Amino acid sequence: MAESLLLAVNKRLACDDFGKLLLRLAVGGLMLFHGLHKLFGGVAGISGMLVAKGLPGFIAYGVLIGEVVAPVLIILGVLTRPAALVLALTMIVAWLMVGMGETFALDKVGAWAIESLVYFFIGALAVAFLGAGRYAVAKNPVWK
């Protein structure tokens, strides 16, 4: 009885392409909010951090590629795997810039201080390994 119920549930929920779409929407959609904030609010804060570390401030505009362009491509399912890798790299850079000191810390509510960085990093890697799936704007597999 229990086994047949579990088999029925498993069969009903076996929608890999829909799961890939949900993952793309979550990872790309939530990261896009971060990117839009920087797009409309400016990247001066990031530029200042880079200059303080001895790097040229203009490379702060690269965050717009990682947090606006890559998420839009992920959401649409266009160049999904490369875009997801760009997002994962962006999260590594974010960790190096602002998260290293918080790697072993908890925030004021007990959550891991860098959990959003890790979420986006792991989510982006999952998208890179899984690909866009059937529900993508790009229909040619080369562009997915």
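The values are calculated or read from the model by the stated rules, or taken from the named source; none is laboratory data. Everything numeric here is computed off the predicted structure, so don't read it as measured data. Heads up, the Cβs are rebuilt from the backbone with ideal geometry, glycines too, and the neighbour counts pull from every protein chain shown.
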Quiz item: Given region 22-122, what helices (runs of 4 or more DSSP H) lie entirely inside it while holding 1 or more residues that are at pLDDT 95 or above?
Solution: 70-76, 80-94
Quiz item: For ALA113, which of the numbered conditions (1) farther than 15 Å from LEU25 by Cβ; (2) touching a Lys or Arg at 6+ places or on another chain (Cβ under 8 Å); (3) aliphatic (A, V, I, L, M) fails to hold?
Solution: (2)
Exercise. Check THR90 against each of (1) surrounded by fewer than 19 Cβ atoms within 10 Å (Cβ to Cβ); (2) out of contact with any Lys or Arg (no Cβ under 8 Å at 6 or more places or on another chain) and name the one condition it does not meet.
Key: (1)
Quiz item: Of the residues ALA60, ALA52, which single one is surrounded by fewer than 19 Cβ atoms within 10 Å (Cβ to Cβ) and within 13 Å of MET97 (Cβ to Cβ)?
Solution: ALA52
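So that you can scan it fast, the table gives a plain yes or no per residue for (1) touching a helix residue (DSSP H, G or I) at 6+ places or on another chain (Cβ under 6 Å); (2) of a type outside the set (Ser, Thr, Tyr); (3) without any contact (Cβ under 8 Å) to a residue 40 or more places away in the chain:
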| position | (1), (2), (3) |
| --- | --- |
| LEU36 | no, yes, yes |
| PHE40 | no, yes, yes |
| ALA44 | no, yes, yes |
| GLY66 | yes, yes, yes |
| LEU85 | yes, yes, no |
| VAL93 | no, yes, yes |
| ASN140 | no, yes, yes |
Quiz item: Quick check, is THR90 closer than 29 Å to GLY54 by Cα and among the polar types (S, T, N, Q)?
Solution: yes
